[in-house]
Structures are given as C-alpha cells and as structure tokens.
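The values are calculated or read from the model by the stated rules, or taken from the named source; none is laboratory data. Keep in mind the model is a prediction, meaning the values are calculated, not measured. Using ideal geometry, Cβ is built from the backbone for each residue, glycine included, and neighbour counts are taken over all protein chains shown.
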Amino acid sequence: MENEFIKDFPLLQSSTSNGKRLVYLDNAATTQKPVSVINAVKEYYENDNANPHRGAYALSTAATDIYEGAREQVRSFINAGHPEEIIFTKGATEGFNLAASSYGMNDIGSGDEILVSIAEHHSNLIPWQIVAKKKSAVLKYMYTDPSGRFTEDEINEKITERTKLVAITQVSNVLGIINPVEQIIKRAHEMGAVVVLDATQSIPHFNVDVQKLDVDFMAFSGHKMLAPMGIGVLYGKKELLDKMPPMLYGGGMVESVTEQDTVYAELPLKFEGGTQNVEGAYGLAKAIAYINKTGYGRIAEIENALTAYAMDQLRDIPYATVYGDTNQGKRTGVISFNIEGVHPHDVSTVLDAYVVAIRSGHHCAQPLMKHLGINACCRMSIYFYNTAQDIDLFLDAVKKVRGWLGIGA
Amino acid sequence: MELDHIYTEIIIEQSNSKKNKRDLEHPSVVSEGKNPSCGDEITLQLLIKDGIIADASFNGVGCAISQASSSIMIDLVKGKSTEEAGKLADLFISMIQRKVTDDSELEPLEDAVALRNISNMPSRVKCATMPWHTLLHAIRET
C-alpha cells in the first residue's frame, strides 16, 4: 500500500535483496529526504556555488541570495519579526550551546536558578549543567507526573522569582507528549525568566509561531524535518541577541579588525563565523516548501490516525508496556514501549531482520529514563509518509520478538 | 543477517539462565562493565585463590547478547588461572574483531565460539565484548 508521498522519497522506495520494503519508523531520530531537497543540494553545487557575503562577483551574489533567501523562508515559517533573528547553526545542539555560552555565561550569575525540564534531550540539558557549574548557579528540575505531563502546580511551584532561565522541550523525544509551553512561557515571563524552547520534535509536525508563543530562544534541527543533516536554526529575540557576544570568532563575523581589536558584524552574521552550510540552508528552504505544500493540517490528520492505530494495537499486546499518557490529543507520533523480558536492543535487532527500523536505548534522555524508572526502551516514531501497512508490519514483527528470545510465544 | 545465526540455542539458553547470575559472598575483585549507548550494565565478581579463579559470577541488566556472553565467559574461565583467563579474553575479542578466524585457533573458547556471528553485526559487537573487557579490567586490578 502506498500513499501520495512515497514517490517523492527515493529511499522509501528501496527494498532489500530479498524484496522486503523498508519500514522506516525512526523519524524522531532523522527523517528521510524528498527529491526536491536532495536536488537542491546538487543544484546548488552545479549552478550557484561561491562563498556568500565575500566576493564582489555575480556567482558570490547568487550564493548570498540563496543563503539569505533561505533565512527569509525560515523567518516566515516560524513567524519571526526579523530575518536577523534567525541564526543558522549545524543543528539544535549548536543552537542550545550558543544560547548557553553567549547568553547563559554572561547573564546568569551566582545563586541564580536555572530550571530544566526532566523531559529534555541531553542537548538542552548538558549546556545548562555547564553554565550552572561555571557560574555557581542553582540547577533545578521540573518533573512530570507519572503520565509524563507537567502539571500546573509543578510549573507554578518551580518557576519563581529566583528563576532566571527555563529550558523546556515542546514535545518530548521519548514520550511524544506535547508540553504546555504557552503556560510555562507565560509563568516564566511573569517571574522575569527567559525561556529556551526545543522545537526539534514539534516543528516537523505542527506550526510553531515564535511571536505568538513570545518565546525568547528557540532551536531546531533541519534533518528531523526533511532537510539535510548539518543545518539548524537558533531563533532569538533581537534585543537579546544584540547584547550577546559571539560564540565563534573568525571570518565573516567581523566589521573591522586591527592588531589589537575587533568590531563585530551586525546580526545575524555576528553569530555565523566561518563559511556557512549554504547548501544545507537551501535544502532547509526546500524542506519548508515541502511541508508548506503538504500543509500541517494534512500532516496532523495522517499522523494522528496512524498514532491512534499503533497505540491501540500495542496496548492490546499483554506483554507490551507503552510509556506516558496514551490518550490521544496532545501528543505526536512518538511511541516508547518495552517488551516484557526482552532488552530493547534485542527487540530492535529482531525488528531489523523484518526490515523494520526503530530506535532502542536511552534516546539521549538519561535523566528522563531514570525518572520513568527504566534503563532503556524501544521507540517507534511516525512521519506523514508512513502508512497503515507500515504499522501492521511493525506490529507483526513486534509479536515475533519473544519467540526469537525463547520467551513464551 | 539471519536471526537464527544470532539468537542460537546456546545464546538463548545462556541468556535466560540464572546459574552465573548471583553475588559472591567474598569476592576478591568486583569490576563494572557498561555499554553507555544501550544501557547494558554488568558487575563481574571474581574469587581468586593462589592465582586461580576459584569462583566467578555477574549481576546486572542487559540484552540477550551481553547476558549470554557474560554467562558463557564465566563457565569458561572458572577454575583457570588469571593468566589463562586473560589470554582467553584476548582471543575472544580477536575473534569478534575477525583478527583470528581459524577454527582450530578458536578451539580454546569452547561454547563462546557461538558468539562468533556477532562480528557480522557492528551495532551489537560491544554487547558481546563488554563482559570480556570487564574481565581483563578485573584481572589487571588483582
């Protein structure tokens, strides 16, 4: 069974030597790429390659136009007020590191509180551990209830006038639960704290409007939303970015340099030292175009139906445990589970033999795993190009796992 | 890679067996082994008397491969000198790394040869070798 999207994704059309089609359900790790994105990278190198912002010749101008055009495309995609609020990075990890090293190291002081949610991916957690250690700040955590949700009481209790910064993910990369970030941002601002939002697992699936959210910093990775690897975005409010020092010093981020001193370039170039990933930015622009053409409404419709189906079927398997609130609504198609008596890595190996790709391990969220009381788990994650047949093949393989491991049937 | 080449009878049997999974009362050395990427964690315990591994056990959590590998390793090294055990660990690691492929050279590994096919699965190699690295670490500590 195919859908209207598979024809656009070369890798999803491939099959193994024994004729089995790949069932790709590791979309929370990275998505496959449509041909329009793949071709954008190729076309850039065939037609437009030069160093942007450097040469006074037509080709360099063309490269600059492509790069800055991509920036405008991102601005419009997340509804930022100004293009210079869009900093290109190599991914969400670099975005959070930039926010931590340029904002955190300068604006957080001894005794200030940094509040990190227990559901954070390591990338929006470790940088704040480092800031807290170096600046003698207090690192606190906001915990989920047993269903994986942040309650209003927890939000109000943890965000206080001592809180200087809140690091929160919009969607957990393990539980798929959509967190109440509107409420968290409102409370943080009332208490005078800035919010660093991880949109990596949300923006591939639904619209994220930075002005409506009134978020201070937000980062995401291109490769989890159809774009090439090695390109990502840090959004920051202009008034915050203006005051922050650069993270990388070198070419392209300067106004003038003398033997002893440097005047930095204006935003956004101040934060983009070194030659940038222009083909990646172009690929990201094409990925955004693909999402816009498909429409978030259609994406949600497909993903919600597939998620509900997979969840219902998994819950019917007596030896399968699904983590987090399993009720529909307020969640994306990330489903974490374990098979009783079988280590997640063995589940993954058995599924691989049936050409079903899922993730197993701790998903770069070790504090959350500890909070959930598990060592590791399996994670299947859906994107709009998946089909009901993918879910059926996944479930068939899941039901064979225990047999291979010599447990029951 | 066919599943029945990985989850062989002996691996399934050893991974589900509890005979070597226990704590020693007075171990001479306790060594921890970890696979950070997948969450396999074992605690290897050795009782060494006059240079001989008089008793050995392990505890912890992990996948079928790491559990079977730990159990098979303990069966193999119990009663041997630490020097012999170290040589067997080196040989096992060389087998998984495909540095030693000759059947007769691998004979001293006995049942542990059942894990040979793991060398075809790069993502699972560490699961198989982790207990043996832990053993080498434990021996060096004595």
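Quick check on my filter: what residues within segment B:81-90 are more than 11 Å from B:ILE48 (Cβ to Cβ) and surrounded by fewer than 17 Cβ atoms within 10 Å (Cβ to Cβ)?
Passing the criteria: B:GLU83, B:GLU84, B:LYS87, B:ASP90.
What helices (runs of 4 or more DSSP H) completely inside segment A:164-253 contain at least 1 residues that are under 26 Å from A:GLY109 (Cα atoms) and not aromatic (Phe, Trp, Tyr)?
Those helices (runs of 4 or more DSSP H) span A:181-190, A:238-243.
Are there any pairs with C-beta distances below 8 angstrom linking a residue in segment B:58-70 that is more than 7 Å from chain A (Cβ to nearest Cβ) and touching a residue at least 40 places away in the same chain (Cβ under 8 Å) to a residue that is of a type in the set (Lys, Arg) and surrounded by 24 or more Cβ atoms within 10 Å (Cβ to Cβ), with the two at least 6 apart or on different chains, and if so which?
Listed by first residue and then by second, the contacts come to B:ILE65/B:ARG124.
When you scan segment B:72-90, do you find a residue that is more than 14 Å from every other protein chain (Cβ to nearest Cβ), under 13 Å from the mean Cα position of the chain (by Cα) and over 22 Å from B:PRO27 (Cα atoms), even just one?
Checking segment B:72-90: at least one residue is more than 14 Å from every other protein chain (Cβ to nearest Cβ), under 13 Å from the mean Cα position of the chain (by Cα) and over 22 Å from B:PRO27 (Cα atoms).
If only one of A:ILE407, A:ILE374 is assigned by TED's automatic domain parsing to the domain that holds A:ASN304, part of a loop (DSSP other than H, G, I, E, B), β-branched (Val, Ile, Thr) and under 19 Å from A:HIS343 (Cα atoms), which one is it?
A:ILE374
For (1) out of contact with any Cys (no Cβ under 9 Å at 6 or more places or on another chain); (2) under 25 Å from B:ASP4 (Cβ atoms), each residue gets a yes or a no:
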| position | (1), (2) |
| --- | --- |
| B:HIS26 | yes, no |
| B:ASP50 | yes, no |
| B:ILE53 | yes, no |
| B:GLY60 | yes, no |
| B:GLU84 | yes, no |
| B:GLN97 | yes, yes |
| B:ILE118 | no, yes |
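Residues checked against (1) acidic (Asp, Glu); (2) surrounded by fewer than 16 Cβ atoms within 10 Å (Cβ to Cβ):
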site: A:ASP198; (1), (2): yes, no
site: A:HIS205; (1), (2): no, no
site: A:VAL210; (1), (2): no, no
site: A:MET225; (1), (2): no, no
site: A:ASP242; (1), (2): yes, yes
site: A:THR258; (1), (2): no, yes
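Of the residues that sit in segment A:315-343 and are part of a strand (DSSP E or B) and within 20 Å of the chain's Cα centre (by Cα), which one is farthest from the other protein chains (Cβ to nearest Cβ)?
A:ARG331
Look at B:ILE72 and say whether it is buried (at least 20 other Cβ atoms within 10 Å of the Cβ), at pLDDT below 95, aliphatic (A, V, I, L, M) and in contact with a helix residue (DSSP H, G or I) (Cβ under 9 Å, 6 or more places away or on another chain).
Spelling it out, it is not the case that B:ILE72 is buried (at least 20 other Cβ atoms within 10 Å of the Cβ), at pLDDT below 95, aliphatic (A, V, I, L, M) and in contact with a helix residue (DSSP H, G or I) (Cβ under 9 Å, 6 or more places away or on another chain).
If you check A:ASP346 against the conditions, is it within 14 Å of chain B (Cβ to nearest Cβ) and not in a strand (DSSP E or B)?
Judged against the criteria, A:ASP346 is a match.
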